[in-house]
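One structure is given here, and the rest of the page talks about it.
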There are 2 protein chains.
Amino acid sequence: MSLRIALLGLLTASGPSSGYDLAKKFETSVAHVWQAGHSQIYPELAKMSADGLVAVEAEGARGRKIYRVTPDGDAELRRWLLAHDPSTTVRSETALQSFLVPLLEPGEALTVMRRLKDRGEAHLSELEALRVRKDAVMDPAHRWGMFGAYALDLGLRQARCFVEWADDSIADIERRAGAGQGAPDPT
Amino acid sequence: MSLRIALLGLLTASGPSSGYDLAKKFETSVAHVWQAGHSQIYPELAKMSADGLVAVEAEGARGRKIYRVTPDGDAELRRWLLAHDPSTTVRSETALQSFLVPLLEPGEALTVMRRLKDRGEAHLSELEALRVRKDAVMDPAHRWGMFGAYALDLGLRQARCFVEWADDSIADIERRAGAGQGAPDPT
DNA sequence: AGATGACATGTAAGGATTGACATGTCAATT
DNA sequence: AATTGACATGTCAATCCTTACATGTCATCT
């Protein structure tokens, strides 16, 4: 379901587009919250077309098909946003590593945690670059606010938050490791 | 792969356990970063057993099988933690809604955003309750630090961060809506 | 004219995931 | 003794997702 919704959202925001266009836009925008490759996108567009949520507006060169959102598709998107209670579950390998890291020796844990921090910083930089680019291309044609802007803000805050957490955790592990090898809980 | 690792981690932290035990522990701990139901856990344990990562230590009443981690399993877990570069991708329906919310009219967007904030607050309370419970049961048998403690800390920080973001976003939408058309709902 | 590389669309196989179904045991109640 | 409900384990079908394979077009360079 989420893939459909993401595609309807992209199509709504970008106007009529081909599967190829959508796949590229996916990578640079929605991919921060939901991922899909072209091998998933093409069949899904076909199914959505069969279900009447999108329609082929035109066929361009090289078999290129331009899709647009139908009124049914728009209704579906709105209904999902307004009425669907999103699952709170998150799946993240990074978070899984952070969960399991206390199983390692302090030295090993530090290695892992420092790598997590590095990845977190890289991710933060990436999002900051994205924000700069978006600010530069600020497009007043969009309804109001900017498509994906709130999500980008959320991503930035959580990325900063992650780096702070990594810093504090590294300090904590160093403190515990220094305090005494055997003593697990000096409090 | 991640499911395997999560199970190895749980088994390592909890000591020998049955599939049922692991499924329950999954729900209350790892589920915050990775989800799996019993219908995925039982077959995976069987495969892991065939691969020599875990072994059936004993068979209890009602066909209950007690698994333990083998040296190979321990090595696999450590290797994954130390050498595997976790994908930074995150999949979250909540984040997807936040991404798409600018496509709605301000009034509708406020409805969605307020619901997101409510869910965020509920999630935060849940994690805080979990922390209190964990602090109470602080178990010195664990190697050092507490299994999952860093992840819980991360979850708490990000949950707070999410609520702040929702608050600011709601204020932003209200401001924009007020500037353009009639004020929709300032409380 | 032929080679190259970016553009564009698709299929197929295999594994991961979910939700529903199915089975049987044990403890406590009626 | 029979019923109930929690315990415990599993399978199955359908869907989702990833990776790899396959095909063909168009523009540009040589």
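No lab work stands behind these numbers, since they all come straight from the coordinates. Note that the coordinates shown come from a computational prediction; the quantities given were computed from them, not determined experimentally. Neighbour counts run over all protein chains shown; Cβ positions are idealised from the backbone, glycine included.
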Out of residues 5 or more away from A:L53 or on other chains, whose amide H comes under 5 Å of its own, with H placed 1.01 Å from N in the peptide plane? none
Taking H placed 1.01 Å from N in the peptide plane, check which residues at least 5 places from A:S17 or on another chain put their amide H under 5 Å from its amide H. A:Y67
Across bins of 5 angstrom width beginning at 0, how are the C-alpha pair distances of the range A:93-179 distributed, in whole percent? 3, 13, 20, 18, 13, 10, 9, 6, 5, 3, 1, 0
Set of lysines with alpha-carbon distance to A:K117 below 29 Å, sequence-local pairs under 8 removed: A:K24, A:K25, A:K134, B:K25, B:K117, B:K134
Just to confirm the number: angle between the C-alpha axis of helix B:2-14 and the first principal axis of chain B, 0 to 90 degrees, nearest 10? 70
Report, largest value first, the span of the C-alpha coordinates of the protein assembly as shown along each principal axis, in whole Å. 64, 42, 36
If I take every Cα pair under 8 Å that is 6 or more residues apart in the range B:2-83, average their sequence separation and divide by the length, what percent do I get for the relative contact order? 36
In nm, give the distance between the simple-model label positions of A:S14 and A:E105, each being 7 Å from the Cα along the Cα-to-Cβ direction. 5.0
Computed over chain B: longest principal axis from alpha-carbon atoms vs helix B:38-50 long axis, angle to nearest 10 degrees, is 40
Go ahead and run the numbers for FRET between A:A136 and B:A75, Cβ-Cβ distance against an R0 of 56 Å, rounding to 0.05. 0.70
Residue-wise, which Karplus ³J(HN,Hα) couplings in Hz belong to the range A:154-163, taking 6.51 cos²θ - 1.76 cosθ + 1.60, θ = phi - 60°, and x for glycine or proline? 4, x, 4, 4, 5, 5, 4, 4, 5, 5
Which of the three applies to the range B:38-120, rounded, prolate or oblate, going by the alpha-carbon gyration tensor with a ≥ b ≥ c and a/c under 1.5 meaning rounded? prolate
Averaged across orientations, what area in nm² does the convex hull of the alpha carbons in the range A:2-83 project? 5.1
Once the convex hull of the C-alpha atoms of chain B is built, how many Å³ does it hold per residue, rounded to a whole number? 155
Roughly how tilted is helix A:71-83, in degrees to the nearest 10 and between 0 and 90, from the longest Cα axis of chain A? 30
